[in-house]
Amino acid sequence: MRAAGDRAARRRRGWQLATLLGSLILAGLLPGVIRAQGGDATLPSPAPLPEYGVLVQQCGAGVQPRGPDFAASGLIVTTFSRDAMWVVDLDRRMRYPLPETRPCAPNCRPSPDRRRLLYISPETATFWTMRPDGYDRQPAFPYYVSELDWWDETHWLVWPTAGRPAIYPIGVPPDQAEPVVLADFDTFSIQPGGYHGLRLAQGSAEWPVLELVNLEDGEALPLLEVRPYSGGAAWSPDGARLAYIGRGEVDPVVGLAGAEVFLVEPGAAEAVRVTNLTGMYGAVRLSGEQMARALSWSPDGHYLAFWVIEIIGPDMTANVGHAVIHVLDTASGKITAYCGFATDRVSPRLPALIWSPDGRYIAFGVDVPEDNRAALLLILDTLSGDFTEASEGMYAAYGTYDPVMWGVR
């Protein structure tokens, strides 16, 4: 473990995360999630993972133009203009717009097998599906609803404009189906393939409490007080686990509590802490001011990708370093830092990290300052650590240059 004096000196130099990832193995115990009742903090032990607290760096060759040996394949749906979604066909080395679509990153959902995309038709304002190449378009749900998503491969999760959410079989006309109506208990996110949800409840102080709720009996497990830069959550693809960003121990150098990643299984008595980022870097953030899509699961639910930004002063909004992609192996606890690329564009939201269907690559969009180029679509090879320029000219339809999905034919 590095000494406090070394870490303070590193902060005075304006340490940049992209280049100073020198320590390869760091371990330690770390106070974690904040419970809401009475404002008291409980400090769960780390998850019993064999490589908890281990950090390795994978810097690769940095950012490179796409060459003939680039092996990633499939179809990336993203945005290059304000009037349509586009497809980047990696196998055919081409891109093209999708007619009769609009940028819809917050409202688009890939199917569990990455073979279809759920989107909103600009002509009817109802939900449709299509293949990632834009063909075979079909209406998904004939009625106007507030939200629609895959509950699993064969069922829709439907949020009506009024009333409770319900599960409908895919392919059966809604007026002929027998939906399972859920007791949502004021939830805003429901477990894929399961019967738990997330809600915000009133806490004992100024911060709301994020709770995991059993939708069958209403029993709730408080997870944390949602404060700035904490509370972002993501279900694993199979719904078996929930990952969320909580607060760790206070870093005495800056006087702030940094962010850590926690996992909880629906029905469990408590969450577990799976990162020791404060021990590795001092206090860090894992998101911009907006928490949406701050954590990204690999398709098989084995890995979690996120940005790590060191906090270098007493203001966690303004006093921050560069952001670097990290990937957590949720089975072992080992974290890999991909230090071949870093960005200082950290607010209001960092670019979303979109996994390839095979779980090897991660795509994201970024505007590199002072390079005199339009925003780039970059692809990280998590095996080599190389970053590849897949395309140029992305459009920030919702404030960041986010791909919508990475699909297969």
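Only the coordinates and a few stated rules stand behind these numbers; no lab work does. Please read these numbers as outputs of a predicted model, since none were measured by experiment. FYI the Cβ positions are ideal-geometry reconstructions off the backbone, even for glycines, and counts take in every protein chain you see.
Relative to the Cα centre, what is the charge dipole magnitude of the chain, using +1 at the beta carbon of each Lys and Arg, -1 at the beta carbon of each Asp and Glu, and rounding to the nearest 20 debye?
That gives the chain a dipole magnitude of about 1040 debye.
What per residue convex hull volume, in Å³, comes out for the stretch 60-133 when only alpha-carbon positions are used?
126
Under 15 Å from the 7 Å Cα→Cβ point of GLU123, by amide nitrogen: which residues of the stretch 138-173?
Residues 138-140 qualify, since their backbone N sits under 15 Å from the label point.
Assuming 0.36 nm per residue, please report the length gained on full extension of the stretch THR161 to ASP91 beyond their Cα-Cα distance.
That pair, THR161 and ASP91, stretches by 21.1 nm at full extension.
For every helix of n ≥ 4 consecutive DSSP H residues, a contribution of -39,500 (n - 2.57) applies; sum these over the chain, divide by its total residues, and give [θ] at 222 nm rounded to the nearest 500 deg cm²/dmol.
-1000 deg cm²/dmol
Could you give the size of the charge dipole of the stretch 128-192 about its Cα centre, using +1 on the Cβ of each K and R and -1 on the Cβ of each D and E, expressed in debye and rounded to the nearest 20?
Its charge dipole is roughly 140 debye.
Can you grab the distance from the C-alpha centre of the stretch 149-190 to the C-alpha centre of the stretch 263-303, Å, no decimals?
Taking the Cα centre of each part, the stretch 149-190 and the stretch 263-303 sit 28 Å apart.
Considering the dipole of the stretch 65-177 built from charges on the beta carbon (Lys and Arg +1, Asp and Glu -1) around the Cα centre, which of PRO173, HIS155, PRO103 is farthest to its positive end?
My answer, from the dipole projection, is PRO103.
Just to verify a number: FRET efficiency for ALA331 and GLN64, C-beta to C-beta distance, R0 = 25 Å, to 0.05? Spell out each step's value before the answer.
On the way: r = 30 Å, r/R0 = 1.22.
It comes to 0.25.
So which GluC sites (Glu not before Pro) in the stretch 192-223 are both in a DSSP loop and have at most 13 other Cβ atoms within 10 Å of their Cβ?
Counting only loop positions with at most 13 other Cβ atoms within 10 Å, the GluC sites (Glu not before Pro) in the stretch 192-223 are GLU206, GLU216, GLU219.
Let me know the charge dipole size of the stretch 317-405 about its Cα centre in debye, to the nearest 20, where only the beta-carbon of Lys, Arg (+1) and Asp, Glu (-1) is charged. Before the final figure, lay out each step's value.
Values: 5 positive and 11 negative charges, 56 e Å.
Dipole about the Cα centre, nearest 20: 280 debye.
If you take semi-axes √(5λ) of the Cα gyration tensor in Å from the coordinates, which of (1) 36, 26, 18; (2) 34, 29, 17; (3) 33, 28, 21 do you get?
Correct label is (2).
Which residue, TYR361, PHE341, VAL324, has the largest displacement toward the positive end of the dipole of the stretch 304-373 when charges sit on each Cβ (Lys, Arg +1; Asp, Glu -1)?
Value: TYR361.
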